[in-house]
Amino acid sequence: MSYCGRFAPSPTGPLHFGSLVTAVASFLEARCHGGRWLLRMEDLDQPREQPGAAEAIIGTLRCFGLYWDGPILYQSERHDAYGAALAQLQREGVIYRCACSRTDIAAALAQPGVALDSNAVPIYPGTCRNGISGERPARALRVLTDDTEIVFEDLVQRKLRQRLASDVGDFVVRRADGPFAYQLAVVLDDAAQGITDVVRGYDLWELTPRQIYLQRLLGLPTPDYAHLPLAVDSGERKLSKQSGAPAVDCAHAATELWRALDFLGQAPEPGLARATLREIWRWALLHWDIQRVPRRHTIPVNINTRTP
Ligand code: GLU
């Protein structure tokens, strides 16, 4: 099967350096395989979206010369497909309605004298697996997990093994307030777009076994995965609108591209930083090697500097 990659930004803000790194790596990996590179706008979670962000991201990709193939897929136009997949899972008896709030889950897990780690995501104890008790309204749809070991080899990070029932618990595929969960949408969209290879940020590495599990339940293929180190600020926070990361500047596209290649371990020569955007792309397409990407979870960057 011929290579097909993708870039799937969430339009919650303009493109910052961290998302540029993902776009550049997924683009180069696809082009160096002679493959296609598709764009998907992950506008699933309307309240978190920023008006105009999708257009701003598209404009920035164009000014960097990151041209995608085919039409852009918008998740906001895919609700029928997500609903149909949930109906399939429901018919197969592998999802159930859950009425538990975070407080209910914390109470069910509480043990006398043991404080719950407030940062850890609790493993759902399966309270509603056999039906909702009492008059409580359903808040979410959860998928039934089992303890089969899911193993995947990452092209950049180490191999990951997870047993979903004990490591993660039954997870949400549709939230109480309506939106379909990212896990479900990403699996269906990758399959619908014929994606063979996913290159994305390390923050999604641990979620991948959930996606592989859903692919198996829905009879969909599993792509190959590569999770890139995350660009973080001096406080180890992922660059984002919330952490104050500035938008990448089209006026400095060549310098930003050089910095992205440097971040990705490609060792571009310092002199190349003064070359044109076209010349840097030419160099990158000749020299790109995903094996040189540092096998790290995070790499700190100075978000306020523009000089390489
Ligand atoms: N939309 C996600 C993000 O912007 C990426 C999802 C994915 O690549 O699977 O972080």
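Can you figure out the FRET efficiency of Thr148 with Glu236, using R₀ = 30 Å and their beta-carbon distance, to the nearest 0.05?
That pair, Thr148 with Glu236, gives E of 0.35.
Surface composition of the chain: carbon plus sulfur atoms contribute 50% of the solvent-accessible area (1.4 Å probe, protein chains only, all chains present). For the range 186-208 versus the range 271-303, the inter-centroid distance based on Cα atoms is 22 Å. The alpha carbon radius of gyration of the range 1-113, expressed as a multiple of 2.2 N^0.38 Å, is 1.45.
In this simple spin-label approximation, Asp249 and Arg161 carry label points 7 Å from Cα along the Cα→Cβ vector, and these lie 4.9 nm apart.
Largest GNM mean-square fluctuation across Gly93, Gly244, Gly271, computed for the chain with C-alpha springs under 10 Å, falls on Gly271. Bridge orientation summary for the chain: considering DSSP beta bridges with both residues in this region, about 50 percent are antiparallel.
Counting only heavy atoms of the protein chains and using a 1.4 Å probe, Val173 has close to 0 Å² of accessible surface. When the P(r) is computed for the chain, the part past 28 Å accounts for 43% of the Cα-Cα pairs.
Using 0.36 nm per residue, how much length does the chain from Met1 to Cys63 gain when fully extended, once their Cα-Cα distance is taken away?
Here the segment from Met1 to Cys63 would lengthen by 19.2 nm.
Rounded to the nearest whole Hz, the Karplus-based 3J(HN,Hα) values (6.51 cos²θ - 1.76 cosθ + 1.60, θ = phi - 60°) of the range 291-302 follow the sequence 5, 8, 5, x, 7, 10, 7, 9, 9, x, 10, 8, with x at glycine and proline. Taking the chain as a Gaussian network of alpha-carbon nodes connected by springs under 10 Å, the highest mean-square fluctuation of the residues Ser240, Ser19, Ser101 belongs to Ser101.
Computed about its Cα centre, the charge dipole of the chain is approximately 100 debye, with only Lys, Arg, Asp and Glu carrying charge at their Cβ. Note on the range 68-205: Cα Rg divided by 2.2 N^0.38 Å, N the number of residues, gives 1.20.
Each label was represented as a point 7 Å from its Cα along the Cα-to-Cβ direction; for Ala267 and Ser101 these points are 5.7 nm apart.
Spatial offset of the range 130-161 relative to the range 235-258 amounts to 33 Å, using the alpha carbon center of each. Taken about its Cα centre, the range 32-179 carries a charge dipole of roughly 140 debye when the Cβ of each Lys and Arg holds +1 and the Cβ of each Asp and Glu holds -1.
The values are calculated or read from the model by the stated rules, or taken from the named source; none is laboratory data. Everything quoted here is computed from the prediction, not taken from an experiment. Please note: Cβ atoms are built from the backbone with ideal geometry, for glycine as well, and neighbour counts cover all protein chains shown. Ligands, DNA and RNA are stripped out before the accessible areas are found, and what is left, the full protein with its side chains, is counted by its heavy atoms. Shrake-Rupley method; radii C 1.70, N 1.55, O 1.52, S 1.80 Å.
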